[in-house]
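The values are calculated or read from the model by the stated rules, or taken from the named source; none is laboratory data. Every value quoted in this text rests on a predicted model; they were computed, and no experiment measured them. Cβ placement follows ideal geometry from the backbone for every residue including glycine, while neighbour counts extend to all protein chains displayed. What goes into the accessible areas is simple: the full protein's heavy atoms, side chains included, and nothing from ligands, DNA or RNA. Shrake-Rupley method; radii C 1.70, N 1.55, O 1.52, S 1.80 Å.
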Amino acid sequence: MRALVVLITGLLFFSMAPAQQGELIDRTFSGTSKETNPQEARRDIQEQASQKISEDIVKELIGDERYNRNRSLINSKIFKNSARYIPYSKPSALVQDDAGFRMSVEMKLSLRDLKQMLQENALLNENDAIPVVLPTIAWVDRVQGRSYRWWIPGDRNAQAFLMKNGRLLENALRDSFQKNNFYVIRPIEAGLGASVPSDFHSEKISSEDNTFFAQYFNAPVMIDGQVLINRADSGNGFKIEISMKAIQVSNGRAIADVSRRYETQGGSYESAIDKRLREVVDTASSDLASQVLEASQRGSLGTSILRVTISGRSSIPQMEALKDKIRSQLTQVKGIRERLVSSESVSFEVDTALPPAELATKIETLDINGKRLSKVSEQKDEIVFKWQ
C-alpha cells in the first residue's frame, strides 16, 4: 500500500511538472564536435545547444543591442544557470564521420523562468530610461457644484480645495510608481496647465489628444481618471468615487484599471473629504502601480493587439494546436485568446510587439500537426490566413 501511495504521488508530481514550468518553448539544435572522446563530444554539443538556444531566445526578448551591451552579465547570471529555465533536454544518437562527431539536441525552455531571471537582473524592461507617466485626472465636486482639471485654466480661488487634494493624489501616485521604477509627473505641483495650448482645453481628453499630451510631456503612459464627490446615498456623509486607467498611448491600450468607492463619516464637508482621501489614496495608487508593473514584467508595454483570422472551417484540435504553437514558438507573442468563432472563420487577439508583416511571416513557418497557414491579406490591425 505504501509503495502504491509513493507511486501515485510520483505520478502526480510528474504530471504537474510541465504546468509548473510555465510556457515551454521547443527548440532543436544540430551541432558538431571535434572532440575525439564520444562522451566529451556529446557534452560539448549539449553545451553548444544550451548556449545557442539560450542566446537566440534572449535576443528575441531583449533585442540585439541590449544583449551585446550586457553580454558578460547574461553569460554569468543567466547562461551559467541554464538549468533554472531548461527543464528538458534530449540528445539524439551520436554519429561519427570524417569531420568528427555530430548530434542533434531537442530542448524545452521555460519562458516564464527565463523572463524572471532577466527581470531579476534588470534586463527585461523595454527601455533603459525610466518610463514617464502623466496623470490627467478630473476632479468633479457635485456637492459644491465645481470641478478642476489641471490642463484647463480656471478660478484658482474657487478650485483651491480640489487642487489641494489633486496634489495629494499626485504625490501618492509618484510614491507608488517610483517604487516600481516609473516616474510620475506632477502637473498640478509643477503648474503645467499654463503650457497647454488652448486647443486642448477640453473637459474630456480624446484618444487623439492623448497623443499630443504624451509627446508634449514625453510620457508614453497616461493615467486617465476622475474623482467624483457626491453626497452619500443615506446619512449625512459624502461619497467619493475614484476611477483611474493607465493607458499606453502608442496604441491606446488600457494596461491597468482601478475603480474605488468610499464613504466619509459625518461632519463638515471639507474636513470629512480631506480625512477620507488621506486614508485611501495610497492604496488606490499602489494598486494601479502594481498592475502597470505586472504589465511591464509580462512585456506588455510596447506591444499591440493584432487580430489574426483563419478563414475557412477549422476543428477545435487544430485551433488548440495553433495556439500552443504560437505560445511555444513565438517569444515575441505575449498572449493569444479567441475573439470570434463562426462556421466560416476563427479570429484571435494576439498581444505582440511584432509588426503585422513580421508576425505573418513567423506564423507561416509554423508546422501545426503537419499543416501550415498561408497569408491571404494583411492590414494595420488584422492578418487573415487560410490553411494550405
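Details
- Inter-label distance for Asp274 and Ala158, nm, one decimal - labels placed 7 Å from Cα along Cα-to-Cβ: 2.2 nm
- When the chain is described by a simple charge dipole with +1 on each Lys and Arg Cβ and -1 on each Asp and Glu Cβ, the residue from Thr361, Gln51, Ala41 located farthest towards its positive end is Ala41.
- Against the main long axis of the alpha-carbon atoms of the chain, helix 111-120 sits at an angle near 60°.
- Lys52/Leu366 FRET efficiency (R0 22 Å; Cβ-Cβ; nearest 0.05): 0.60
- Ser147 long-range amide H proximity, modeled H, under 5 Å: Asp141
- Projecting the Cα positions of Ile229, Ile188, Ser250 onto the charge dipole of segment 132-298 (unit charges on Cβ atoms of Lys, Arg, Asp and Glu, taken about the Cα centre) puts Ile229 furthest along the positive direction.
- Computed with a 1.4 Å probe over protein heavy atoms only, the accessible area of Ile240 comes to about 0 Å².
- Simple spin-label estimate for Val143 and Asp64 gives 6.1 nm between the two label positions (7 Å along the Cα-to-Cβ direction from each Cα).
- The portion of the accessible surface of segment 41-159 made up by carbon and sulfur, rounded to a whole percent, is 43 (1.4 Å probe; DNA, RNA and ligands excluded).
- For segment 304-387, the relative contact order comes to 38 percent (Cα pairs under 8 Å, sequence separation of at least 6).
- Charged neighbours of Ile240, selected by a Cβ distance under 12 Å, balance to +3 (K, R count +1; D, E count -1).
- Shape category assigned to segment 137-199 from the gyration tensor of Cα positions, a/c cut at 1.5: oblate
- Inter-centroid distance (Cα atoms) of segment 183-234 relative to segment 266-342, Å: 23 Å
- Summed over qualifying helices (DSSP H, 4 residues or more, each -39500 (n - 2.57)) and divided by its residue number, the chain shows a 222 nm mean residue ellipticity of -13000 deg cm²/dmol.
- Cα-based shape type of segment 132-298, given that a ≥ b ≥ c are square roots of the gyration tensor eigenvalues and the cut on a/c is 1.5: oblate
- Straight-line cross-link partners of Lys380 among the lysines, defined as a Cα under 17 Å from its Cα and at least 8 positions apart when in the same chain: Lys362.
- Per-selection Kirkwood Rh - segment 21-109 (Cα, Å, 1 d.p.): 13.9 Å
- Dipole size of the chain about its Cα centre, with +1 on Lys/Arg Cβ and -1 on Asp/Glu Cβ: approximately 600 debye, rounded to the nearest 20.
- Springs join every pair of Cα atoms under 10 Å in this Gaussian network model of the chain, and among Asn171, Asn236, Asn75 the largest mean-square fluctuation is at Asn236.
- In Hz, Karplus ³J(HN,Hα) per residue of segment 382-388 (6.51, -1.76, 1.60; θ = phi - 60°; x = Gly, Pro): 8, 10, 10, 10, 9, 6, 5
- Using the Karplus relation 6.51 cos²θ - 1.76 cosθ + 1.60 with θ = phi - 60°, the per-residue 3J(HN,Hα) values for segment 356-366 come to x, 4, 6, 4, 4, 4, 5, 5, 5, 7, 6 Hz, with x marking Gly and Pro.
- Formal net charge of residues neighbouring Glu47 (Cβ-Cβ distance under 13 Å; K, R +1; D, E -1): 0
- The chain: C-alpha pair distances exceeding 39 Å, %: 38 percent
- Close amide H partners of Gly335, meaning residues 5 or more places away or on another chain with modelled amide H under 5 Å apart, are Asp351.
- When each of Lys52/Lys323; Lys77/Lys334; Lys115/Lys334; Lys204/Lys245 is checked by Cα-Cα distance, pairs over 18 Å: Lys52/Lys323; Lys77/Lys334
- Virtual spin-label span in nm between Arg307 and Leu340, 7 Å along Cα→Cβ: 0.4 nm
- In range of the label at Ala254: residues from segment 187-217 whose backbone nitrogen is under 14 Å from the point 7 Å along Cα→Cβ: 207
- Highest GNM mean-square fluctuation among Ala289, Ala360, Ala321, for the chain modelled with Cα contacts below 10 Å: Ala321.
- Looking at the chain, the accessible area is 53 square angstrom per residue; that uses a 1.4 Å probe and ignores ligands, DNA and RNA.
- For segment 49-156, the set of trypsin sites (Lys or Arg not before Pro) satisfying both a DSSP loop assignment and a count of at most 16 other C-beta atoms within 10 Å is given as Arg142.
- For segment 24-121: relative contact order, % (alpha-carbon pairs under 8 angstrom, 6 or more apart): 42 percent
- The phi torsions of segment 333-349, fed into the Karplus equation with coefficients 6.51, -1.76 and 1.60 and a -60° offset, translate into couplings of 8, 8, x, 8, 8, 5, 10, 8, 10, 9, 6, 9, 6, 10, 10, 10, 9 Hz, rounded to whole numbers, with Gly and Pro shown as x.
- For segment 132-298, size of Cβ-based charge dipole, Lys and Arg +1, Asp and Glu -1, in debye: 200 debye
- Summing charges over all other residues whose Cβ lies under 14 Å from the Cβ of Leu94, with Lys and Arg as +1 and Asp and Glu as -1, gives +1.
- Computed extension gain for Thr283 through Lys245, at 0.36 nm per residue and net of the alpha carbon distance, reaches 12.2 nm.
- Length available on full extension from Glu349 to Asn218: 0.36 nm per residue minus the Cα-Cα distance, which gives 44.3 nm.
- D_trans [Stokes-Einstein, Kirkwood Rh over alpha-carbon pairs] for segment 304-387, 20 °C, 1.002 mPa s, µm² s⁻¹: 171 µm²/s
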